[in-house]
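These notes concern the structure reproduced below.
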Amino acid sequence: MSDKKQKKPGFFYCVGLMLGKSVSKTLKNDISERVIQIYENKPKGAEVIKLLKAEKAKEKNRKNKNKWRNRRWGTLLFINLLFVVSYFFDMSVLEGALTASRFMGFHMADLNSALQITLASKMILINLVIGFVTVLIMWIIFGGRTFCSWVCPYHLIAEFAEFIHLKLAQKGIVSDHAFNRKVRTVFYIVFLLLAFLTGYTVFEVISPTGILSRALIYGPTFVLLWVVFLLMIEILYSRRMWCRYVCPIGLTYGFVGIFSIFRVNYNINDCLHEGDCRKVCLVPHVLEWTIKNRSFNENQELGPDCTRCGACVDICPTNSLTFKFKGISREKYPCNDPEPKNNKQKIKVDKK
Amino acid sequence: MSDKKLNRAEKARREFLRTTVLATSVTGISLAALIPTLTNSAPRLRPPGALDEKLYLASCIKCGQCVQVCPVEAIFLGDIFDGQGSGVPYIDARVQACDFSCDGLQCVLACPTGSLTHDLNYVPDTRMGLARLSSPKTCLAVAGKGFKGKIREEGYSGKLRFDEIDRWNPLEINSQDYDLEICDLCVRLCPLEIRRLQCEAGKPPQNDKNQCPPYKAIELVKKDNNRYVPTVLQGCVGCGVCEMVCPLPEPAIVIDERVEWSEK
């Protein structure tokens, strides 16, 4: 582990985090001296509180506080309504539903649905392969779980449920019951196995994403009661339960996120480590770098589980979190951006 | 709230229990959706070209593109009681049968997975099921009765293509008035019989002889005097138009899903 050439954190560490491994403490030996220096030069104690107050005061006056949230909601509604409008006015722009569609005649297939169907039917269906590859390329460019927060209609409704949950929690009426994150990986394997063994797409029938998308386009069904039930649990018992602990669609797109070039980047220089970002995040484990002395590098990417929703980017008082498209050549690690080779700002650190 | 006071081991124990309950209940619920399917409690008529039921359910991606292209809006998606068929397309012939007024089997062409098999190219090759005279006692033709008026009850909005009136736009069946000495609606409006007669007259649909049914689908067989029995023949594809256009409150002829014709 002490190999200096190895960039930390490694591939398996980042993917493991997504699969449910818990966050481990960063060892000082693994951090570059430059990063240690930055941490040591950071403001401490009362100074931090003063700085935070100042930054938050600035923040209050800032217009467009929810820039990314608004863009995201707009996109999500646009895509889902495009399905509805396209069918209603018979426009042939975006036909089908989120599980599979034709956009201007081009096949698109939800990656997870396609996977389930291939395993259940044990057939390679050519149009499905075309749709799968198209969507795969799309999300490699735009960021894997971006599907979750920018497209999935259940995500939007779950956000409102989360809002209610947090309000009630504030009043002490409900509290959040966390599950072990590994359970999502278990579900993933269980649903793949069930599809293969039973020959039915068992998950598709209970997937709130598909149910909601179809209900929007083809009208309400009784299956919606299942979605309501899930939302009630999320409001009363466990914050964002489905997206955090169950949904295999999220994990499928998470795997795509490993290779995606669209990321949220964390820069440690101005970060005050107050942790606001982790409070608003659906998957706070991807933001572990923002805890003091946890980041390995000056610039650290969030892991593949990140849904690129931009909540952390919106809330960060110091602009330490930003969206970026990274060069394909550098895309070697799922949550690590090696320092650029000719970084002009690179300062030499005196060894003490 | 109470969790905060607990020690670490107890917290971990509770989290483990909670997680186990979550895993078993969600898996259990998803498996419960198999019950209506395995017991076949709600058999459905499927759109043209549907693969064998099990493979059909396995390969359908539940996107509804077939629903969107159907000109007579015959296709609906299953609901919670359909179990694994939830979100999967079906046809309720009595509500709206498939009359092939799209000619090209648009639902088959629209299907992105081949759940509605792309091997099906021509209407007469479709095999959705088979019509059966389920209630000869009430059938008007069997009783030697005629039929006068509109086919279905007031407010019914099912459609059919009436070739001689409008080739391109299906019309509501209740827009037509009938006055028949012997009720032969199930034969007269059978889309396969209409095609067969067009072919006999030298005008096959779309000028394509492949569209010509090789066999009769249904005919009235004279029993005695003035009594006739609608008899289903080898050319029947199970589209359900006869079930839709039977003017009785309860149709005397119905479709048996996925049954194929055989000499008895």
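We did not get these values from a lab; they are worked out from the coordinates using the rules stated. This is a predicted model, so every value here is computed, not measured. We place every Cβ from the backbone using ideal geometry, glycine too, and count neighbours over all the protein chains shown.
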Q: Could you please give the count of residues in segment A:103-115 that are of a type in the set (A, V, I, L, M, F, W, C) and part of a strand (DSSP E or B)?
A: 4
**Q.** Considering residues of segment B:80-99 that are of a type in the set (Val, Ile, Thr) and away from every other protein chain (no Cβ under 14 Å) only, the residue nearest to the chain's Cα centre (by Cα)
**A.** B:ILE91
Q: Sort through A:GLU55, A:GLU40 and tell me the only one that's surrounded by 14 or more Cβ atoms within 10 Å (Cβ to Cβ), more than 9 Å from chain B (Cβ to nearest Cβ) and over 25 Å from A:THR146 (Cα atoms).
A: A:GLU55
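Results for (1) more than 12 Å from every other protein chain (Cβ to nearest Cβ); (2) in a loop (DSSP other than H, G, I, E, B), shown as yes or no for each residue.
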site	(1), (2)
A:SER101	no, no
A:ILE117	no, no
A:MET123	no, yes
A:SER149	yes, no
A:PHE163	yes, no
A:ASN180	no, yes
A:VAL183	no, no
Q: Taking B:LEU77 as the residue in question, decide whether it is within 11 Å of chain A (Cβ to nearest Cβ), part of a strand (DSSP E or B) and over 25 Å from B:ASP184 (Cα atoms).
A: yes
Q) Hey, among the residues in segment B:32-67 that are within 11 Å of another protein chain (Cβ to nearest Cβ) and within 20 Å of B:ARG94 (Cα to Cα), which one's surrounded by the most Cβ atoms within 10 Å (Cβ to Cβ)? A) B:CYS66
Q. Among A:CYS277, A:CYS271, which is the only one that is over 20 Å from A:GLN116 (Cβ atoms), more than 13 Å from chain B (Cβ to nearest Cβ) and assigned to a helix (DSSP H, G or I)?
A. A:CYS277
**Q.** B:ASP103 surrounded by 24 or more Cβ atoms within 10 Å (Cβ to Cβ) and closer than 27 Å to A:ASP90 by Cα
**A.** no
Q: Could you please find all residues in segment A:280-326 being over 24 Å from A:LEU27 (Cβ atoms), assigned to a loop (DSSP other than H, G, I, E, B) and within 15 Å of the chain's Cα centre (by Cα)?
A: A:CYS281, A:LEU282, A:THR307, A:ARG308, A:CYS309, A:GLY310
Q. If A:THR252 satisfies every condition in (1) closer than 23 Å to A:GLY10 by Cβ; (2) out of contact with any Leu (no Cβ under 6 Å at 6 or more places or on another chain); (3) of a type in the set (Val, Ile, Thr) but one, which is the exception?
A. (2)
Q: Filter the strands (runs of 3 or more DSSP E) completely within segment B:120-204 down to those with at least 1 residues that are surrounded by fewer than 15 Cβ atoms within 10 Å (Cβ to Cβ).
A: B:147-149, B:178-180
(Q) Quick check on segment B:100-159: of everything there that is of a type in the set (Lys, Arg) and under 18 Å from the mean Cα position of the chain (by Cα), which residue is farthest from B:PRO230 (Cα to Cα)? (A) B:LYS159
(Q) For segment A:198-210, give me each residue that is facing another protein chain (nearest Cβ under 7 Å) and buried (at least 20 other Cβ atoms within 10 Å of the Cβ). (A) A:TYR200, A:THR201, A:VAL202, A:PHE203, A:GLU204, A:VAL205, A:ILE206, A:GLY210
Q. Where residues in segment A:160-197 are buried (at least 18 other Cβ atoms within 10 Å of the Cβ) and more than 13 Å from A:CYS247 (Cα to Cα), which of them is nearest to the chain's Cα centre (by Cα)?
A. A:GLU162
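Restricting attention to segment A:195-213, which residues are assigned to a helix (DSSP H, G or I) and more than 30 Å from A:ASP176 (Cβ to Cβ)?
Of everything in segment A:195-213, those that are assigned to a helix (DSSP H, G or I) and more than 30 Å from A:ASP176 (Cβ to Cβ) turn out to be A:ALA195, A:PHE196, A:LEU197, A:THR198.
For segment B:42-74, which positions are over 15 Å from B:ARG258 (Cα atoms) and not in a helix (DSSP H, G or I)?
B:CYS60, B:ILE61, B:LYS62, B:CYS63, B:GLY64, B:CYS70, B:PRO71, B:VAL72, B:GLU73, B:ALA74
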Q | So A:GLU301, is it under 19 Å from A:GLY144 (Cβ atoms), among the acidic types (Asp, Glu) and free of Cβ contacts under 8 Å to residues at least 60 places away in the same chain | A | yes
